[in-house]
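Asks: Dumping the structure here so I can ask a few things about it.
Quick note: the coordinates plus some simple rules give every number you see, no bench work behind them. Not measured: the values here are computed from a predicted model. In this analysis, Cβ positions are derived from the backbone assuming ideal geometry, glycine residues included, and neighbour counts consider all displayed protein chains.
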Amino acid sequence: MTLRALIWDVDGTLAETERDGHLPAFNRAFADEGLPWHWDASLYGELLRITGGKERIAHWWRGLDPAAAAAPEAAGRIQRLHERKTAHYAQAVRQGAVQLRPGVRRVLVEARLRGLTLAIATTTHEANVRELIDATLGPSARDWFTVVGAGDVVPRKKPAPDVYCWVLEQLRLTAQDALAIEDSAVGAASARAAGLPVLLTRSLYTAADRVGEVLADLDGLGSDDRFASGVAGGAPWQGRVDVDQLERWHAAALRPAAVRA
């Protein structure tokens, strides 16, 4: 079956948004609200096990003060904190604090030239996706992505497969038509549960993730200055990921196990 679409995660996959954008934005939102909360890089890495910004705040609050986190007014405060955090993130992105990971632009452009459909499946707010695309690729690049599954478009977030299932439904494609590009164990589990083969490009916060079966487990996509490296098909791999390579991995994933062996 021919590869027809690439479905991209955002945070950690398109860009190192967690370290450079979301973490400082959370801390600024807490300060705005007069809260004595501060997440350092190590703590934030642990909190990333909880997908979704509002969910992350609620989880943290429950650990500090379960009664306050369960109060009727808690949901409104969490929403307000998240809105402030989103505004701070947008400002940071507009100011150039976040850049695409090496090789991302190259693969996106090549995929478009080769006629592949591009889509996004993420737990982050849709406004964050727009800001990142506008700042790194230009506003016209919003049209590059046929479908954007973001934020609360589905009730269950990753590692549930819902967002990938929703994106595939909107694209009118089967899981065998597409390939997911993710950076984390949680994201890879979500894509695999939807039946998608996965290319893993580990980010700063997911270098130690324990991940199940993927097409390739790499440290990036590679650039002119530096090859990506990792494992593909059970063997060491090094190079620059391109559409031809994605098609080969995709085809190998769909072959019966006896043939692959």
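Asks: Stokes-Einstein at 10 °C, 1.306 mPa s, Kirkwood radius from Cα pairs: D for the stretch 18-94 in µm² s⁻¹?
Replies: Numbers: Rh = 12.5 Å.
Rounded to a whole number, D works out at 127 µm²/s.
Asks: While we're on this one: Report the FRET efficiency, 1/(1 + (r/R0)^6), for Ala67 and Ser42, where r is their Cβ-Cβ distance and R0 is 22 Å, rounded to 0.05.
Replies: So, using R0 = 22 Å, E works out to roughly 0.20.
Asks: Can I ask one more? Tell me, in nm to one decimal, what length is gained between Val231 and Thr146 on full extension, where the rule is 0.36 nm per residue of separation less the Cα-Cα distance?
Replies: Gain on extension, Val231 to Thr146, equals 27.6 nm.
Asks: Can you tell me the convex hull volume per residue for the chain, based on C-alpha atoms, in Å³ to the nearest whole number?
Replies: In the chain, the Cα convex hull volume per residue is 126 Å³.
Asks: Right, another one. Can you tally the net charge around Gly138? Count Lys and Arg as +1, Asp and Glu as -1, for every other residue whose Cβ sits under 14 Å from the Cβ of Gly138. It would help to have the intermediate numbers written out before the result.
Replies: Values: positive: Arg94, Arg105, Arg112, Arg130, Arg142; negative: Glu131, Asp134, Asp143.
Within the 14 Å Cβ shell, the charges total +2.
Asks: Rounded to whole Å, give me the distance from the Cα center of the stretch 1-58 to that of the stretch 170-222.
Replies: 18 Å
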